[in-house]
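These notes are about the structure you will find just below.
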Amino acid sequence: MKILAGSTNVSVYYYIVQDASATSPGEPVTGLLFSDIETGGSASYVRQGAALTDLTLVTLASAGAAHADGGFILVSDSAMPGVYRCDYPDAAFATGVDQTILSIVVASAKNAVAAPISVVIDDSVVQTADHAAGIADIPTVSEFNARTLVAADYFDPTADAVATVTTLTNLPAITTNWLTATGIAASALDGKGNWNIGKTSYTLSQTFPANFSDFAITVTTGKVTAENVTLAAATHTGAVIPTVSTLAGHTAQTADHTANIAAILVDTGTTLPATIATIDGIVDTILIDTADLQANQGAWATATGFATSGALATVDGIVDNILLDTAEIGTAGAGLTDLGGMSTTMKTQVNTEALDVLATDTYAEPGQENPAANTTLADKINYLYKAWRNKSEQTSTTYSLYDDAGSTVDQKVTVSDNGTTAAKGEVGTGP
């Protein structure tokens with residue numbers, strides 16, 4: 001058998017037959033479980049030049065289940081009798097050696113034998129799609145010969161002209177002064193904006209308004225300023241307009257106007273809104289507090305809507321009695337020392353619940369685990385019932401207790417007998 005070095009999730013198949021001591025030597029053996037190998041037998045592998053490695057077997061859910069290191073299962077008793085799948089770890093097929101031997105030994109009581117499997121570890125390189133594509137790009141001899149050109153057909157950059165190029169790709173970056181005025185014909189831009197190559201100054205033919213030259217543009221700010229501004233036939237030098245005290249058709253503003261306006265702005269902008277917000281909050285609170293009164297105003301508006309002093313005294317007496325009765329119970333029921341006052345119905349209910357626990361409620365059997373030294377009474381009874389009911393096996397060295405299905409060892413214990421003393425160790429977990 002050959003396997004590529006570094007392969008993962010490898011499953012191999014053993015053909016197990018009856019040995020020479022069986023009734024039909026050489027015939028396929030069916031119905032074996034992983035425990036028939038693991039208990040009283042062994043599974044292992046050895047790599048070239050290394051020590052033997054033991055393989056712990058576990059059962060697989062089916063012959064087509066996902067790979068699991070140590071997984072073991074019968075393929076099919078009817079279609080392929082004697083064929084068993086066994087999953088080996090990736091370490092068995094790692095690079096570095098040329099050969100690995102795989103082996104399983106069936107428990108002697110089964111009178112069965114399986115031949116070891118020799119695996120050649122192949123370190124050769126696997127051809128991939130990239131290799132195939134690269135090989136396909138290599139021209140054949142005829143293709144290479146067909147592409148051969150005579151020397152005269154090669155392009156000579158010093159003598160041959162380049163044909164018209166409509167599309168350029170991978171054009172190098174344009175460096176400083178790559179294009180100069182001397183490299184462009186004077187008429188090259190004609191019709192493209194009427195540019196004049198080499199022009200250093202321009203003349204504007206537009207007619208400007210009178211006195212336009214009196215405006216000055218500040219270079220740093222871009223602001224337009226005027227030296228003189230004329231208002232009502234009076235010229236003001238330096239664009240400074242004097243204070244205007246009277247505007248025709250308007251009442252002059254006085255200091256009282258200014259103060260009154262400021263006060264109005266304060267009252268309407270700050271004081272008045274704050275006061276209104278406070279009032280609004282008070283009204284909302286009153287509405288909430290009186291909501292119940294508003295809904296029941298027909299009752300509370302009359303004397304019949306209020307409790308009388310006599311009615312209040314009656315309620316007070318009832319509350320006092322309740323306090324006395326509940327005081328006997330005490331904090332957290334400390335005063336309940338005698339349940340003899342339970343009614344017949346209550347006692348019947350308690351009895352029914354107790355019977356449910358004993359006769360109706362069910363408990364799952366313990367699984368694959370170490371039985372605890374300190375555990376519940378229910379667990380201890382469950383272990384006794386499981387040991388009485390389930391499948392069990394005992395060899396000269398091991399007692400095994402199986403799960404409900406009878407396929408997995410849940411608990412096991414070491415036993416011995418020297419002819420004088422029979423000993424049994426502490427029960428532990430399987431498999």
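If you scan segment 27-44, which residues turn out to be closer than 25 Å to SER78 by Cα and hydroxyl-bearing (Ser, Thr, Tyr)?
THR30, SER35
Which one is farthest from THR397 (Cα to Cα) among residues in segment 28-55 that are surrounded by fewer than 16 Cβ atoms within 10 Å (Cβ to Cβ) and free of Cβ contacts under 8 Å to residues at least 40 places away in the same chain?
Of everything passing the filter in segment 28-55, ALA51 is farthest from THR397 (Cα to Cα).
Scan segment 63-100 for residues that are outside any loop (DSSP other than H, G, I, E, B) and surrounded by fewer than 18 Cβ atoms within 10 Å (Cβ to Cβ) and jot them down.
Within segment 63-100, VAL75, SER76, MET80, PRO81, VAL83, ASP90, ALA91, GLN99 qualify.
Rundown of residues vs (1) within 20 Å of THR408 (Cα to Cα); (2) in contact (Cβ under 8 Å) with a residue 40 or more places away in the chain, yes/no style:
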| position | (1), (2) |
| --- | --- |
| THR344 | no, no |
| LEU355 | no, no |
| THR362 | no, no |
| PRO366 | yes, yes |
| ALA387 | yes, no |
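So, in segment 1-41, how many residues would count as being in contact with an Asp or Glu (Cβ under 7 Å, 6 or more places away or on another chain) and closer than 20 Å to ASP69 by Cα?
Residues that pass the stated criteria total 6.
For segment 415-431, which positions are free of Cβ contacts under 8 Å to residues at least 40 places away in the same chain and either of a type in the set (Gly, Ala, Ser) or touching an Asp or Glu at 6+ places or on another chain (Cβ under 9 Å) (or both)?
Of everything in segment 415-431, those that are free of Cβ contacts under 8 Å to residues at least 40 places away in the same chain and either of a type in the set (Gly, Ala, Ser) or touching an Asp or Glu at 6+ places or on another chain (Cβ under 9 Å) (or both) turn out to be SER416, GLY419, ALA422, ALA423, GLY425.
Would you be able to say whether some residue in segment 290-312 is among the β-branched types (Val, Ile, Thr) and either at pLDDT 80 or above or touching a Phe, Trp or Tyr at 6+ places or on another chain (Cβ under 9 Å) (or both)?
no
Among the candidates SER24, SER108, which residue alone is outside the structural domain of THR397 (by TED's automatic domain parsing), exposed (fewer than 15 other Cβ atoms within 10 Å of the Cβ), on the phi < 0 side of the Ramachandran plot and free of Cβ contacts under 8 Å to residues at least 12 places away in the same chain?
SER24
The values are calculated or read from the model by the stated rules, or taken from the named source; none is laboratory data. As the structure is a computational prediction, the values presented were derived from the model and not from experiment. Backbone-built Cβ (ideal geometry, glycine too); neighbour counts: all protein chains shown.
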